[in-house]
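Peer 1: The structure's right below; bear with me while I get my questions together.
The values are calculated or read from the model by the stated rules, or taken from the named source; none is laboratory data. It should be emphasised that the depicted structure is a prediction, and the values quoted were computed from it without experimental measurement. Quick reminder, even Gly has a Cβ in these numbers, built from the backbone with ideal geometry, and neighbours come from all protein chains shown.
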Amino acid sequence: MTNNHSSNLNAQDTFASLPAVPDELAVNELLADELVDFNKKIIVLDDDPTGVQTVHGISVFTDWSAESIEAGFAEGNSMFFILTNSRGFTAAETERAHEEIAKVIQDTAERQNKEFIIISRGDSTLRGHYPLETEVLKNTVEAHSDIQFDGEVIMPFFKEGGRFTINNIHYVQDEAVLMPAGETEFAKDRTFGFKASHLGEWAEEKSNGIFKAKDAVYLSLESIRALDIDGLVHQLMAVEDFNKVIVNAVEYVDAKVVVIALLRALKAGKHFMFRSAAALTKIIGGIDDKPLLTKEELMKGDPGHGGLIMIGSHVKKTTEQFEALRTCEFIEFIEFDVHLVLYPDKFETEIQRIIEASEQLIRNGKTVTIYTKRERLDLGENKQEEELKLSVKISDAVTSIVKRLDVRPSFIIAKGGITSSDIGTNGLSVKRATVAGQIKPGIPVWLTGSESKFPGMAYVIFPGNVGTKATLKEVAELLHQ
């Protein structure tokens, strides 16, 4: 495998040099025609709650019980999400969860005589338990059915977050620069790190050489933008042995062309597993565009209390957004010293202090930001599993703050994928939420279900790696006004 050393690109110049974008209206018509008779239920397994960042009017289930999956199959919508939160799991926990999910999906599909596809929605910056999740799903479904998967479609394109795949290299946009994913801070993740930016090489790297970059099928921007759909279908029909299909995309129309080809291949009998970011789900689910949400849509029955903002993510973008948020005079800030996790009694005292201070402020109409200490807890080399377990304890503590609140905030914003998942499922006891839409591009809002701690609340799920430096401040200002 070649060691991929791609260089930064100027975004404007790069986009200008690409082939002309095809007529989107014509592509939309072709896509609509293909979706009309596509009768498979689309089940999206989301490794953190940010994967609903392109959809609206869709259910999210926070468990994978037979009851929840049956409810998803019974809905009129073609698609539903299951929040696994597996980005916060160990490898063993991830394997167990995905085996259980695949078995329940297969059993439910057989009982209801319904075909399905599974999309493993992962991070657009390539972190997460890959290829473990899709391999377990593939092996479990194959063991319990006569389905044999021909290939795996890899599509981390996510325009709202500035994630683009060009010439098979995946880029993360930062202001005017396109940075190869393998050169970003995300590639240095202590749990999910990687080196390759070329997606074929990335799949080879992550599979420890089992799948070779040279064996992958590459859907090029040249073919996509020439509307060579027959050629793309031909490529897809030739995929076998669970080899990888790499999707290049810069605009939504690119992804739509690919989905048209995929739908035709699926209808012709091919079976694919999908590892994608959030763009694919919107397109294959037939979700139309919706304007950004307004305060009026989200703040119904506002009790006159302050809001609550929880910041757990430690990526550079979150820290920059937090610094901008600190300039808001209407917010009270409370630091949570999470390093006390090493001293259980002191840790519990710290949690109680934060709850009491927050309740008083929220009741008095003040919006509160609780943020975890910005210095990382570093146990040294080869301690990744121990650090992950401690981070789960910290996340549990952040969750318990919400769980133990006696006052209802007017809204809650959670910053970071694992943080927002734990607060949603454990802190707010959500079993089934509806995605209201997005408050800013790529930033979804749940409306909590009737079973939750605070029913009908606007719960803003703010990914750690999305938005500009000012976006978190802008969301807080919008909800505060």
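Peer 1: Starting from residues that are under 18 Å from residue 412 (Cβ atoms) and charged (D, E, K, R), keep the ones in segment 297-322 and report whichever is modelled with the highest pLDDT.
Peer 2: Result: 297.
Peer 1: Please go through (1) of a type outside the set (Gly, Ala, Ser); (2) in the same structural domain as residue 407 (by TED's automatic domain parsing); (3) over 20 Å from residue 465 (Cα atoms) for residue 318 and return the number of the only condition it doesn't satisfy.
Peer 2: It fails just one condition, (3).
Peer 1: Filtering segment 449-481 down to residues that are in a helix (DSSP H, G or I) and not acidic (Asp, Glu), which residue is nearest to residue 306 (Cα to Cα)?
Peer 2: 480
Peer 1: Any idea how many residues of segment 83-120 are under 14 Å from residue 133 (Cα atoms), of a type in the set (A, V, I, L, M) and in contact with a Phe, Trp or Tyr (Cβ under 8 Å, 6 or more places away or on another chain)?
Peer 2: So the count comes out to 5.
Peer 1: Further question: Given the structure, is residue 69 assigned by TED's automatic domain parsing to the domain that holds residue 280, within 14 Å of the chain's Cα centre (by Cα) and over 23 Å from residue 34 (Cβ atoms)?
Peer 2: It is false that residue 69 is assigned by TED's automatic domain parsing to the domain that holds residue 280, within 14 Å of the chain's Cα centre (by Cα) and over 23 Å from residue 34 (Cβ atoms).
Peer 1: Report whether or not residue 177 is under 20 Å from residue 466 (Cβ atoms) and surrounded by fewer than 24 Cβ atoms within 10 Å (Cβ to Cβ).
Peer 2: Here the answer is yes, as residue 177 does meet what is asked.
Peer 1: Now for a different question. Within segment 128-161, work out how many residues are within 19 Å of residue 243 (Cα to Cα), part of a helix (DSSP H, G or I) and touching a residue at least 40 places away in the same chain (Cβ under 8 Å).
Peer 2: Of the residues in segment 128-161, 7 are within 19 Å of residue 243 (Cα to Cα), part of a helix (DSSP H, G or I) and touching a residue at least 40 places away in the same chain (Cβ under 8 Å).
Peer 1: Condition first: basic (Lys, Arg), buried (at least 20 other Cβ atoms within 10 Å of the Cβ), within 18 Å of residue 48 (Cα to Cα) and within 19 Å of the chain's Cα centre (by Cα). Can you find one or more residues in segment 124-135 that meet it?
Peer 2: yes
Peer 1: For residues that are outside any helix (DSSP H, G or I) and of a type outside the set (Ser, Thr, Tyr), scanning just segment 85-109, find the one that is nearest to residue 418 (Cα to Cα).
Peer 2: Only one residue tops the list, namely 85.
Peer 1: Would you mind stating whether residue 407 is touching a His at 6+ places or on another chain (Cβ under 9 Å), farther than 20 Å from residue 123 by Cβ and among the β-branched types (Val, Ile, Thr)?
Peer 2: Yes: the conditions hold for residue 407.
Peer 1: On to the next question. Looking only at residues that are at pLDDT 95 or above and small (Gly, Ala, Ser) in segment 140-161, which one is nearest to the chain's Cα centre (by Cα)?
Peer 2: Among those that are at pLDDT 95 or above and small (Gly, Ala, Ser), it is 151.
Peer 1: Test of understanding: among 261, 265, 277, which residue is buried (at least 22 other Cβ atoms within 10 Å of the Cβ), touching a Lys or Arg at 6+ places or on another chain (Cβ under 9 Å), closer than 30 Å to residue 134 by Cα and not β-branched (Val, Ile, Thr)?
Peer 2: 277 is the lone residue from the list that is buried (at least 22 other Cβ atoms within 10 Å of the Cβ), touching a Lys or Arg at 6+ places or on another chain (Cβ under 9 Å), closer than 30 Å to residue 134 by Cα and not β-branched (Val, Ile, Thr).
Peer 1: Oh, and also: Go through segment 221-236 and report how many residues are touching a Ser or Thr at 6+ places or on another chain (Cβ under 7 Å) and closer than 14 Å to residue 31 by Cβ.
Peer 2: Counting residues in segment 221-236 that are touching a Ser or Thr at 6+ places or on another chain (Cβ under 7 Å) and closer than 14 Å to residue 31 by Cβ gives 1.
Peer 1: So, in segment 98-130, how many residues would count as being closer than 19 Å to residue 430 by Cβ and touching a helix residue (DSSP H, G or I) at 6+ places or on another chain (Cβ under 6 Å)?
Peer 2: 1
Peer 1: If I go through segment 124-155 residue by residue, how many of them are touching a strand residue (DSSP E or B) at 6+ places or on another chain (Cβ under 8 Å) and among the aliphatic types (A, V, I, L, M)?
Peer 2: Residues flagged as touching a strand residue (DSSP E or B) at 6+ places or on another chain (Cβ under 8 Å) and among the aliphatic types (A, V, I, L, M) within segment 124-155 amount to 6.
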